[in-house]
């Protein structure tokens, strides 16, 4: 299974701002402002366009699902706060998972 992850990761293609808009359903202007606020990390293309990695793609998908599931309409500050909270939750989930693995290995 770890080999599959590496293969998937190696095959990932960067997505443009327009593609992120289409995939996430978040408006172009909101995405641009989230980039300018430093909420969404970008990578530069040769032409100066924004490019986004799988982390940003997953974050915006989670955000869109949350907004849809709760039937919410947030202003930009609400979107930014929600993005930061979702990122923090992901970090804490990874820490918890790593601690469980460490305890399991220590008990073996």
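The values are calculated or read from the model by the stated rules, or taken from the named source; none is laboratory data. Everything quoted here is computed from the prediction, not taken from an experiment. Neighbour counts run over all protein chains shown; Cβ positions are idealised from the backbone, glycine included.
Things to note:
- Residue pairs whose Cβ atoms lie under 8 Å apart, sitting 6 or more positions apart in sequence or on different chains, and linking a residue in the range 40-65 that is farther than 16 Å from residue 28 by Cα to a partner that is at pLDDT 85 or above and assigned to a helix (DSSP H, G or I), are 62/86.
- Residue 36 free of Cβ contacts under 8 Å to residues at least 12 places away in the same chain and farther than 22 Å from residue 16 by Cβ: no
- The criterion of being under 22 Å from residue 94 (Cα atoms) and either modelled with pLDDT under 85 or touching a strand residue (DSSP E or B) at 6+ places or on another chain (Cβ under 9 Å) (or both) holds for residue 9.
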